[in-house]
Every structure is written in C-alpha cells, then in structure tokens.
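Heads up: the structure comes next, in structure tokens.
The values are calculated or read from the model by the stated rules, or taken from the named source; none is laboratory data. Note that the coordinates shown come from a computational prediction; the quantities given were computed from them, not determined experimentally. Heads up, the Cβs are rebuilt from the backbone with ideal geometry, glycines too, and the neighbour counts pull from every protein chain shown.
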Amino acid sequence: ITPPAIPLDQPFYTGCQTPPRNTSARANAVLVMLARNSEVEGAVASVKSVQKQFNDAFGYPWVFLNDKAWSEKFKEKFEVIPKEMWTYPSWIDQNRAQQSMHDMQNRHIQYGGKESYHHMCRFQSGFFFDHPALTPYQYYWRVEPNIRFTCAITYDPFHEMAHHAKKYAYTIALWERGATVPSLFRKLSDYKASHQLPTSPLWTAMLDPSWMPWPLRRALSVLPNRDSGGDLWNMCHFWSNFEIADLGFFRSVAYRDLFAFLDRDGGFYYERWGDAAVHSLAAAMLLQPHEIHRFADWGYVHDGLQVCPEKGGEGEEEEGGCRCECKKGARVVEPVSRILSRKRRALSSVISHS
Ligand code: GDP
Ligand code: MN
C-alpha cells in the first residue's frame, strides 16, 4: 500500500493567548463527564484540572451523567441516563451474551466480563448525543474521571473547531487491543462496500501497515479484521476518553445508520467493542482528514499515558503548548505522525534486508 498523503493538521495557536478570547461569542458547547459514584475523587480532580487550565476563563456549562442515581457527594449538574440507553437491545441473545462475557473474562480481555462496561461502550457509541441534557448543544468535550490537562488552554477550542469546520478532535491515538474487536473492522468495511461509501483518505490510512509494529501485525493477522481485499486494519484509533466533537457528526443520518448496523450485529456484547474504535472507524469512514483535529499543543494525561508539548520536555519536538507541566513518570505517547515516519524507515530497512 502506498500511504496516502494526508496533510498534517496544524495547531490552532501555539504558545499562550490572552484569554478569554471569545466569551462574547461563546460556542454552543458543553463539557460532559460520565462517571460512577465510586469515582467522586477522580471526577473532582478532572473538573479541577479542566477548570484551572481552561474553563475558569471560559465558563462553559458541565453535564454529569450516570446510569445510577447520583450520590449526595456529587455537587454540580447531575443527570441520570434513561434505562433504554444503558441496557441490552431486545434482539441480543442473552445466553450468547453471557457466554461471550464469561469467555472474555477467562481470556483476560480487559473489562470483557464486565456487563456494565459493555453497556457503557454501547451508550458512548450510540446514545450519549441524544441524552436530553445534551440536546441543546452542538459541541461537546468529553471528560473522564482521573484525567489531567498539563498545559493552560488559553483559546476556545469549540470556537476554533467551528471556525475551521472540524468535526472531531483528539489528543492521543493508539493501537486498539485486537481481542476486543475481532470482527469490527470487517463488518464496517463490508458495510462501507454495501452502502457504496467513498473511500476517505483516512480509511486508507487505517490500512497502512507501516502504522503497525510487526509483532502486532502478526498477532492480528489471525483475526478476521481484514477487508474483502485482504487488507488489515492497523488498529489505529483515537483514545476517546478525551474528545471534542461536533455532535452533528454523531447525530447525522450516516453515523446513526452505521451505529444501528453495529448495534444490530450485537458485537457490543458478543465481543467487547469500545466506543473509541467505533468513533474512530466511523470518523475514518465518514469524515475527511481536514475535518479532524489533533490538539498537538495540549498536554493530557490519563491512565499513565500522556502527551505533552512542553518545550525541551519529554515530548521532544512537540512544542507550542502554554505553561505546560508534564507529569513525571507517565509514559509519553508518540503522535502517530512521528511513529509513521519512524516506522516507515524501519519498514523499508526490513524489506530491503529480507
Ligand atoms: P477505560 O478508560 O476504558 O479504562 O475505562 P474507565 O473505567 O475509565 O471507564 C470509562 C468511562 O466510562 C469513565 O467515564 C467511567 O466513569 C465510565 N463508566 C464505566 N463503567 C461505568 C458504569 O457502570 N456506570 C457509569 N455511570 N459510568 C461508567
Ligand atoms: Mn478511563
């Protein structure tokens, strides 16, 4: 495969701006956190970080979602998720679902045996944007408990996304764990073919083998994650615990139809499809590269992984953040763009020596 020429997305700004730039023209946007009652402390830490680094100056509203009634400890705006958004659809074969979860548990697939996690992934894939608390808004920023932003965010990302016609934005792209999504890619590529959807350059990029380290490639080749032409998904996906999106993308007929197709298949339960893989492959299928933004100038930490555009810091060539303080000890995730150039070199040397 010849990797497609995807122009690299530039930061909206580099360095510090004088906030607030746009409070008068504030976007129709909301900060959204899904959390469990047990996560109060992590939720508070996340809110503090977002408020300090960004929202004290911009004043966007928050919505907090839970599938259970909120405990007294949570103080802001609490919303309960309607039952029908957090349960099995009627057509799921309960025996098969229980058996699959049991098997995934035995195979140590992370969260594979946890029923609530499957409901969560399905909710985040197909329902959150229709939650009544979010219907007034066009943009949303997803915040998870126990995240941290390590640079000051001194401009309004919602405003910039609108201005640049961006539909989806991320900070970290990673490889998905293949065992959680064995049949997802094949099903989506068949869907794409049967609906005669055009091939976006992003979709082609998802097939670029040079994005995939060799051992991973070998391990994955046993899964049915090839399209009918034999090409393998390189497992690249956006880490969706942070994302800023134009909710119009998720509310579009094209996305809804695609989600309905996946939901009908049952892979949210028979496998452990994550919303990150679903959002990413849907974006790759339905969006153009210029509609996707990477916040290369933001520092973000979650679960021991981070990106950090600190000058002279571990983020190396990534600069342009404002007042960054990277977290010591968290693993630095390389941007795919950099992995790509390194892997391509490695790849060509492997080929030329074999
Ligand atoms: P990971 O990021 O995939 O490792 O999983 P997390 O444990 O961080 O869960 C992802 C998100 O879903 C977080 O916002 C959690 O608070 C939320 N979440 C997961 N399971 C549940 C659940 O059963 N109920 C609620 N209300 N939120 C959940
Ligand atoms: Mn998480």
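When the residues of the range 184-199 are filtered to those that are surrounded by fewer than 18 Cβ atoms within 10 Å (Cβ to Cβ) and hydrophobic (A, V, I, L, M, F, W, C), the one that is farthest from Asn225 (Cα to Cα) is Leu197. Which of the residues belonging to the range 135-152 are within 15 Å of ligand 1 (Cβ to nearest atom), crowded, with 19+ Cβ neighbours inside 10 Å and part of a loop (DSSP other than H, G, I, E, B)? Residue satisfying the conditions is Pro145 alone. One residue alone among Ser100, Ser125 is within 16 Å of ligand 2 (Cβ to nearest atom) and hydroxyl-bearing (Ser, Thr, Tyr), and that residue is Ser125. Residue pairs whose Cβ atoms lie under 6 Å apart, separated by 6 or more positions or on different chains, with the first residue in the range 291-304 and under 18 Å from His279 (Cβ atoms) and the second polar (S, T, N, Q) and within 16 Å of ligand 2 (Cβ to nearest atom), are Phe295/Thr171; Tyr300/Thr171; His302/Asn241.
Conditions (1) within 30 Å of Pro19 (Cβ to Cβ); (2) within 16 Å of ligand 1 (Cβ to nearest atom), marked per residue:
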| position | (1), (2) |
| --- | --- |
| Tyr155 | yes, no |
| Pro182 | no, no |
| Ala193 | no, no |
| Met212 | no, no |
| Asn241 | yes, yes |
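Checked against the criterion of being in contact with a strand residue (DSSP E or B) (Cβ under 6 Å, 6 or more places away or on another chain), within 16 Å of ligand 1 (Cβ to nearest atom) and modelled with pLDDT under 80, the range 302-313 has no qualifying residue. Figure legend. Inter-residue proximity from the range 24-44: first residues within 9 Å of ligand 1 (Cβ to nearest atom), second residues in a loop (DSSP other than H, G, I, E, B) and among the polar types (S, T, N, Q), beta-carbon distance below 7 Å, spacing 6+ or different chains. Indicated pairs: Asn37/Ser71; Gly42/Asn146.
Yes/no matrix, rows are residues, columns are (1) within 15 Å of the chain's Cα centre (by Cα); (2) part of a loop (DSSP other than H, G, I, E, B); (3) of a type in the set (Ser, Thr, Tyr); (4) closer than 24 Å to Tyr137 by Cβ:
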{"residue": "Gly248", "(1), (2), (3), (4)": "no, no, no, yes"}
{"residue": "Asp257", "(1), (2), (3), (4)": "no, no, no, yes"}
{"residue": "Ala260", "(1), (2), (3), (4)": "no, no, no, yes"}
{"residue": "Ala277", "(1), (2), (3), (4)": "yes, no, no, no"}
{"residue": "His290", "(1), (2), (3), (4)": "no, no, no, yes"}
{"residue": "Trp298", "(1), (2), (3), (4)": "no, yes, no, yes"}
{"residue": "Glu310", "(1), (2), (3), (4)": "no, yes, no, no"}
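Within the set Tyr191, Tyr155, the sole residue that is more than 16 Å from ligand 2 (Cβ to nearest atom) and closer than 15 Å to Ala296 by Cα turns out to be Tyr155.
Among the residues of the range 272-290, which ones are out of contact with any helix residue (DSSP H, G or I) (no Cβ under 6 Å at 6 or more places or on another chain), more than 16 Å from ligand 1 (Cβ to nearest atom) and at pLDDT 95 or above? Across the range 272-290, the qualifying residues are Ala283, Leu287. Residue count for the range 93-129, restricted to those that are within 14 Å of Arg272 (Cα to Cα), surrounded by 15 or more Cβ atoms within 10 Å (Cβ to Cβ) and more than 15 Å from ligand 1 (Cβ to nearest atom): 2. Within the range 25-48, the set of residues being farther than 23 Å from Gln138 by Cα and assigned to a helix (DSSP H, G or I) comprises Asn37, Ser38, Glu39, Val40, Glu41, Gly42, Ala43, Val44, Ala45, Lys48.
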